[in-house]
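Right, one structure below, let's go through it.
The values are calculated or read from the model by the stated rules, or taken from the named source; none is laboratory data. Computed from a prediction, not measured in an experiment: that's the story for all the values here. As a convention, Cβ positions derive from the backbone with ideal geometry for all residues, glycine included, and neighbour counts pool all protein chains shown. Side chains are part of the model used for accessible areas, which takes the heavy atoms of the whole protein and leaves out ligands, DNA and RNA. Shrake-Rupley method; radii C 1.70, N 1.55, O 1.52, S 1.80 Å.
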Amino acid sequence: MIVQSRKGNRLGIILFLLPVLTLFTLYFIYPLGFVFVTSTLDWNGIGTPQFVGLQNFLDNFQTRTFQISVRNNFIWLFALGFVQIGLAALVAILLARKPRGWRFLRTVYFLPNVISQVAIAMMWAALYNAEYGAINQFLEMIGLENLTHNWLGEISTALPSILIQQVLYIGYFMIIILASTMSIPESFYEAAEIDGANVLQQEIFITLPMIKDILVTTMTLAMAYGLRHFEATFLLTNGGPANSTSVLGIQLYKELSALDYGHANAIGATLVILGILMIVTIRAIGSRGAAADRMQ
Amino acid sequence: MARQATAVGSNDGIGSVAGSIFKWTVLTFFLVFTFFPLVWLVISSFKTNIELQTAPFALPQVWQFGNYVNAVQVAELPRLFLNSVIVSTSSTALAMLITSMAAFVFSREKFRGQQSLLNLIIAGVLVPIIALMAPYFRLTNVLGLYDSLWALILTYTAINIPISTFLMYGFMKSIPAELEEAAVIDGASFYQRFSMVIFPLSRIGLVTAGTFVFLFSWNEFIYALLLTSSVRSRTLQLGIRFFTSQFFTDYTSMFAAIVLTIIPSVLVYVFMHEKIIKGLTSGALKG
């Protein structure tokens, strides 16, 4: 009886794992192998591939657009990882004290996160538009015509315009940090109050240390998004003007559209490697911080 | 409640006034930033194109509901909606079914290599999916699925395997063994333990993981762009991209189309925001 059920289990285990393992192999293991192998080939996807070693990577690194893309990805990474998380943490800490209407504010701040990136980007394309956009029209209305720009069409304003629009949507990370902040026991603050600590001191010496872990987690996530950034830039400028807003994802898409598998996948491989390096770096800093905490 | 009182604390009067001004400046700024563009978009979508240019911040003289009729016709919105609904519900259902099966085996059974296999799958969360454009394009072609809804259903299901396996595993691990033992004594087989005990008890986990997969699939853009070409398999998000060329200079009708694409998500959010926020935070905090 027991033997029978064991046998049934083994077959069951295999059957139950099969769909996930099949899709995981097809969509994760094979693609990662494919990216790294083809990054060393000169190949248009149809003809006979030629092995070229690291030539694709060298070519990429010498291309101006690739250099700009890497620089922009790092700008995105820092803007989302530090500025966005910083603002999200600030708002979360303010809301955690439950000011009037905090539930309403929390709900509203998160709203843009349920709307698609594409719709949001189209909305901002309209706001930034040079002829009918609300931003220029507002500047004209208050008499600041000289500050109007073709926001997405000028090299000096294009990247900042996309960055600001993305960075200020703090809702998602704010909600996560808020949940963590609100789980800090009330008694910690009461004790500090009795000791005469003011609100600012309480936030710095109680709240921040208590939410450190969630800040590191959300920062890692935000930086990963910075590395993967694609939609808003693709829709607002498609990397222009003069490639000044390009990121690696956009470059990869363009190379792939030109059927240059070798260079496209060298970009893909670069993204994977940068992603791994980023996580290793954050882990290393995180564990050093934890070690320092233990020392104290 | 004690913390609410401290915000207007009395031990430093000037400090708390400045703090209060700072607090409300920050909170109001983000409120305006979040709300104003959406309000502007909705109001503009009821204007004529001339009004859009001449009276940008006024209400429309006559509310142009015709813009919405234009929007539905020009953008073929019903078809885009239908495609998005099919893709999102199918990939969510498929992902929930197969990852809860796998999570069941990982959390309730024992076999060799179990932990390493689970770790391998969960590590998939770290892969920047955008780097896999070329292989996904090729794979979809090899499978003969290019430019079909199945291309997107399979891709979205697969991309979400790591996160939903992780969430379902965490949830199933927390279901007490006693419930299952009782079923075994009653003679339940391996399959019955899953279908009659663990799966039904995982409802909350399924909702959390399902919300993730559904929102991802509904909003996904890059692979919809890469893996389809005709309007037959175009989803809503991809469709929005074509609005600029479809509506040409009829901006306000285009705004109406964008508003229509936003409404379902906002409606779902208005009715479910407590659940969505709870689901996202509980999932994220465990992670």
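Per residue of B:51-58, other chain Cβ atoms within 10 Å of the residue Cβ number 3 on average.
Remark: mean inter-chain Cβ contacts per residue of B:95-103 equal 4, using a 10 Å Cβ-Cβ cutoff to other protein chain atoms. When the Cα centres of segment B:112-177 and segment A:97-144 are compared, how far apart do they sit, in Å? That distance is 34 Å. The heavy atoms of A:S69 offer some 0 square angstrom of accessible surface to a 1.4 angstrom probe. An ellipsoid equivalent to the protein assembly as shown, defined through the eigenvalues of its Cα gyration tensor, has semi-axes of 38, 34, 26 Å when rounded to whole angstrom and sorted largest first. Judged by the mean number of other Cβ atoms found within 10 Å, the most tightly packed of the peptides A:236-243, A:149-156 leads the ranking A:236-243, A:149-156. Couplings for segment B:34-39, taken from phi via the Karplus curve 6.51 cos²θ - 1.76 cosθ + 1.60 with θ = phi - 60°, read 6, 8, 4, x, 5, 5 Hz in order; Gly and Pro are left as x.
The reciprocal of the average 1/r between distinct C-alpha atoms defines the Kirkwood hydrodynamic radius, which for chain B equals 22.8 Å. Database remark: amide H of A:L41 closer than 5 angstrom to the amide H of A:V52 (H placed geometrically; neighbours at sequence offset of 5 or more, or on other chains; Pro and chain starts carry no H). Peptides B:59-69, A:209-219 ordered by packing proxy, namely the average of other Cβ atoms within 10 Å per residue, highest first: A:209-219, B:59-69. Solvent-accessible surface of protein heavy atoms, probed at 1.4 angstrom with all chains present, puts A:M182, B:M133 in the order A:M182, B:M133, largest first. Under the simplified labelling scheme, the A:I142-B:L59 pair shows an inter-label distance of 2.4 nm, with each label point 7 Å from Cα along Cα→Cβ.
Sort A:135-141, B:49-55 for me by packing, meaning the mean count of neighbouring Cβ atoms within 10 Å per residue, highest on top.
Working: A:135-141: 16.9, B:49-55: 15.1.
Descending packing order for the listed peptides: A:135-141, B:49-55.
Counting, for every residue in A:130-142, the Cβ atoms of other protein chains within 10 Å of its Cβ and taking the mean gives 3.
Note the angle between two axes, namely the Cα long axis of helix B:251-286 and the longest principal axis of the Cα atoms of chain B, as a number of degrees from 0 to 90, rounded to the nearest 10. Tilt of helix B:251-286: around 40 degrees. Helices in the protein assembly as shown, meaning DSSP H runs of at least 4 residues, each add -39500 (n - 2.57). Divided by all residues, the mean residue ellipticity at 222 nm is -22500 deg cm²/dmol. Taken one residue at a time, the phi angles of segment A:205-214 give Karplus couplings (6.51, -1.76, 1.60, θ = phi - 60°) of 9, 10, 4, 4, x, 6, 9, 4, 4, 5 Hz. Gly and Pro are set to x.
The GNM of chain B, with springs linking C-alpha atoms under 10 angstrom apart, assigns the highest mean-square fluctuation among B:S91, B:S174, B:S217 to B:S174. Rolling a 1.4 Å probe over the protein chains gives B:L154 an accessible area of about 40 Å². Taking all protein chains together, B:K173, B:K278, A:K98 sort by accessible area into B:K278, B:K173, A:K98, largest first [probe 1.4 Å].
The GNM of chain B, with springs linking C-alpha atoms under 10 angstrom apart, assigns the highest mean-square fluctuation among B:A18, B:A224, B:A177 to B:A18. Spin-label pair B:V17-A:I29: with each label point 7 Å from Cα along the Cα-Cβ axis, the two points sit 6.9 nm from one another.
Quick one: net charge around A:L77, please, counting Lys, Arg +1 and Asp, Glu -1 for every other residue with C-beta under 15 Å from its C-beta. Before the final figure, lay out each step's value.
Values: positive: A:R71, A:R228; negative: none.
Around A:L77, the surrounding residues sum to +2.
Residue order by solvent-accessible surface for B:V105, B:V268 is B:V268, B:V105, largest first, with ligands and nucleic acids left out and a 1.4 Å probe. Couplings for segment B:232-247, taken from phi via the Karplus curve 6.51 cos²θ - 1.76 cosθ + 1.60 with θ = phi - 60°, read 4, 10, 7, 8, 4, 4, 5, x, 4, 4, 8, 4, 4, 7, 5, 8 Hz in order; Gly and Pro are left as x. If contacts are Cα pairs under 8 angstrom and at least 6 residues apart, what is the relative contact order of chain B in percent? Reported relative contact order: 28 percent.
Using a simple spin-label model with pseudo-atoms 7 Å out from Cα toward Cβ, B:A182 and A:A284 lie 5.3 nm apart.
In this structure, the residue pairs whose Cα-Cα separation is over 29 Å, taken from B:K23/B:K278; A:K254/B:K275; B:K110/B:K275; A:K212/B:K110; A:K98/B:K173, are A:K254/B:K275; B:K110/B:K275; A:K212/B:K110; A:K98/B:K173.
When both segment A:27-67 and segment B:47-99 are represented by their alpha-carbon centers, they are found 39 Å apart. Mind telling me which of A:V52, A:V83, A:V35 comes out most flexible in a GNM of chain A, alpha-carbon contacts under 10 Å? Highest fluctuation among the options: A:V52. Computed from the Cβ-Cβ distance with R0 of 25 Å, the FRET efficiency linking B:V125 to B:F33 stands at 0.25.
Over segment A:66-295, what per residue volume does the convex hull of the Cα atoms give, in whole Å³?
Taking the convex hull of the Cα positions in segment A:66-295, it is 161 Å³ per residue.
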